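Working notes, structure below.
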Amino acid sequence: MKTKTTQAVADETLERYWKHSKSERWSWKNAAYVVSLLGADTPITHVNERTIDGLVSIMESKGLAGSTINRKLATLSKMLRHSYRMGYVSRIPSIERKKEPRGRIRWLRDDEEGQLLQAFRATDLAMYRFVVALLDTGARTGELLKLTRPDISSDVMHLWDTKNGRNRSIPLTTRAACALRDQAGVDHRLFTFTPSRFSKIWDKVRAGLGMTNDPQFVPHMLRHTCASRLVQRGVDLRVVQEWLGHNSITTTMRYSHLSPRQLMSA
């Protein structure tokens, strides 16, 4: 049986599965972290349940959250499955994932939305339109940044390059349609600023609103806001799943408690 080090396996897994994928950067970052803790020259055959338990203990001692530890373990699992497929190991060790508590979902109140939009309108008009579209469509920032003029019809936005690789179309509110239509004359790609530029402006606006100490006041909160409003208005969770582009209904279920109508009826 061939002997491979954890570093060699990580390199092979990158080439075979992660390279040029949407998750390449984060997968490789997680792999590099795991390899650094296990030891780059450690034979992959030495990675067993005891080794993995020790790895988890180290990550916990460093203060990593359960969800973060699970992302690292998922990367290690991929490396081990690749090793088994290639014949480097005779078995795949069992990996127990950490429990991930469902945290509070942060969405914008109406007054907060007004303040946020007013601040962006005064700071950068293109980003104001971007935030309006994020709020009313629930799209991810990366999806919206790839939007082009042909992707917009009178009342629908078509997304082609999404996180899960599935195309989807989202109906537009009057407000979102106006924002995108006003932006459509600027360039073939509607929004030409970079993610880092948007983050910089967001942080500036966030500070101006006095929200620096709110760790959940981030752009992804706009997606939560859209989803929460849909559920609170009685939209079926399957429809919300399709709207947001969730692979699994389990992800959408985190919003289910926001519509307790059946409980109220009972």
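Compute the relative contact order of the chain as a whole-number percentage, counting only Cα pairs closer than 8 Å that sit 6 or more residues apart in sequence.
16 percent
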Exercise. Stretched out fully, how many nm does the piece from Y17 to T192 gain, at 0.36 nm a residue minus the Cα gap?
Worked result: 60.0 nm
Exercise. Dipole size in debye (nearest 20) for region 117-266 around its Cα centre, Lys and Arg Cβ +1, Asp and Glu Cβ -1?
Worked result: 140 debye
For this session: For T5, list long-range residues whose amide hydrogen, built 1.01 Å from N in the peptide plane, is under 5 Å from its own amide hydrogen.
Result: I44
Exercise. For region 78-154 and region 179-235, what is the separation of their C-alpha centers, rounded to whole Å?
Worked result: 11 Å
Exercise. Loop-only check: which trypsin sites (Lys or Arg not before Pro) in region 1-76 are DSSP coil with at most 14 other Cβ within 10 angstrom?
Worked result: K2, K19, K22, K62
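May I ask you to give the average projected area over all directions of the convex hull of the Cα atoms of region 1-151, in nm² rounded to one decimal?
Over every viewing direction, the Cα hull of region 1-151 projects on average to 12.6 nm².
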Seminar exercise, completed: Per residue, the convex hull enclosing the alpha carbons of region 74-153 has a volume in Å³ of 183 Å³
Exercise. Which of rounded, prolate, oblate describes region 4-90, given a ≥ b ≥ c as roots of the alpha-carbon gyration tensor eigenvalues and a/c under 1.5 marking rounded, otherwise prolate only if a/b is larger than b/c?
Worked result: oblate
Exercise. At T3 and K29, where each label point lies 7 Å from the Cα along Cα→Cβ, what is the point-to-point distance in nanometres?
Worked result: 3.4 nm
Problem set entry | Amide H within-cut-off set for L108, under 5 Å, with H built and near neighbours excluded | T225
For this session: At 1.4 Å probe size, with every protein chain present, just tell me what the per residue accessible area of the chain comes to in Å².
Result: 56 Å²
Seminar exercise, completed: Carbon plus sulfur, as percent of the 1.4 Å-probe accessible area of the chain, comes to 51 percent
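The values are calculated or read from the model by the stated rules, or taken from the named source; none is laboratory data. For clarity, every value in this text was computed on a predicted model and none was experimentally measured. Methodologically, a virtual Cβ is constructed for each residue, glycine included, from the backbone with ideal geometry; neighbour enumeration extends over all protein chains shown. Surface accessibility is based on the protein's heavy atoms, side chains included, excluding ligands, DNA and RNA. Shrake-Rupley method; radii C 1.70, N 1.55, O 1.52, S 1.80 Å.
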